[in-house]
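Structure first, commentary second.
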Amino acid sequence: MYPQSGVREPQIPANHTTRLAPSPTGALHLGNAFSFVINWAIARKSNWRIILRIEDLDVSRVHDGMIEDCISTLRWLGLDWDGAPILQSQRPDRFEQAMEKLASARRVYPCDLSHKQIQAALNAPHAGEEDADRYKAIRPETIPDRFTDPGTSWRFIPDQHPPAFDDRLMGPQRFGPSELDGDFIVWTKRDAPSYQLAVVVDDHASEVTQIVRGRDLLDSAARQLMLYRALGYTPEPTYTHLPLILSADGRRLAKRDLDTHIASYSNNQGPERVIGLIARWAGTTTKPTPMSISEFLDAFDPDTLPLDDIVFREEDAQWLRS
Ligand code: GLU
């Protein structure tokens, strides 16, 4: 059982549900903190239910203690959620049922080609010219109607015209099939769903209606909406994609960048400086001022969120340490 102290008693009935969905594959960094704190603050301001879903499907990368560390970091930030944490790995049957449904609609096929073989097939002169047709070169002649071989990768046949959608922060979005990597993987040869399928099945099962996360997953929303439609899941969620936090050299913060780990600022001190920096990034304050999560919640206004990515500067790191 995981620590329960982040769990909040229900108050007035929620009209929407959102989720915090950390992957416990490494220490959370300041970019993760920004997304989770903003997701939480939008949800608490709007009276949405918040579930905590730990995305632990990639078992080879989830080592002992990582799930507990991830939950403690969220609690250290002052976040809470409604109900016990859900572990994605606990509910494997649902993913297989979804694959059977996709197979009966002939939307998936097994494919054991390597990346190199796929590129060669896509670039062959007989390959279709149109984006959506190019992947025909790797599809079997007959698309099966049963999900039979879970030890092989399975790919999804996307819509000719992937759905357009309105992101609440980033505005109207439309992606072409080639921007979405054509026939993307929904089942991996590890005998487990891919990220794209697992997120859709679990969001639907938990009745998630509001998804708030980093802008790096904006194109994934188009893939995920195709899966919602192919699986007949309603209602479709509303998306809010947040700007990313970049390092001074313009890269997206990554779990391997040590001085951006939240844990490196949480030893023997409270979260007030990290929250203060997030408040400035969110446009809530103009210069970083230490503050508690409840002071931040009072002051936060989603309308001041920036659209552009944000740079984590050396002086910010110094301020966090001061
Ligand atoms: N677990 C994913 C991550 O940490 C987020 C998935 C999602 O929000 O859809 O990047």
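The values are calculated or read from the model by the stated rules, or taken from the named source; none is laboratory data. None of these values were measured; they are calculated from a predicted model. We place every Cβ from the backbone using ideal geometry, glycine too, and count neighbours over all the protein chains shown. The accessibility values were calculated without ligands, DNA or RNA, using every heavy atom of the protein model including side chains. Shrake-Rupley method; radii C 1.70, N 1.55, O 1.52, S 1.80 Å.
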Hits in segment 154-190 (condition: closer than 18 Å to residue 213 by Cα, open to solvent by 40 Å² or more (accessible area, probe 1.4 Å) and in a strand (DSSP E or B)) | 166, 172
Residues located in segment 40-95, provided they are basic (Lys, Arg), within 23 Å of residue 204 (Cβ to Cβ) and surrounded by fewer than 16 Cβ atoms within 10 Å (Cβ to Cβ) = 91, 94
Failed condition for residue 278, given (1) surrounded by fewer than 16 Cβ atoms within 10 Å (Cβ to Cβ); (2) aliphatic (A, V, I, L, M); (3) more than 15 Å from the ligand (Cβ to nearest atom) | (1)
Within segment 191-218, restricting attention to residues that are without any contact (Cβ under 8 Å) to a residue 60 or more places away in the chain and either acidic (Asp, Glu) or part of a loop (DSSP other than H, G, I, E, B) (or both), which residue is farthest from the ligand (Cβ to nearest atom)?
-> 191
Using the structure shown, decide if residue 304 is open to solvent by 30 Å² or more (accessible area, probe 1.4 Å), of a type in the set (Ser, Thr, Tyr), at pLDDT 95 or above and closer than 30 Å to residue 160 by Cβ.
-> no
Of the residues in segment 174-191, those that are touching a Phe, Trp or Tyr at 6+ places or on another chain (Cβ under 9 Å), within 16 Å of residue 227 (Cβ to Cβ) and of a type outside the set (Asp, Glu) number 7
Which ones in segment 219-250 are assigned to a helix (DSSP H, G or I), over 15 Å from residue 194 (Cβ atoms) and within 11 Å of the ligand (Cβ to nearest atom)?
-> 221
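Report the residue count in segment 257-268 for those that are in contact with a strand residue (DSSP E or B) (Cβ under 7 Å, 6 or more places away or on another chain) and outside any loop (DSSP other than H, G, I, E, B).
2
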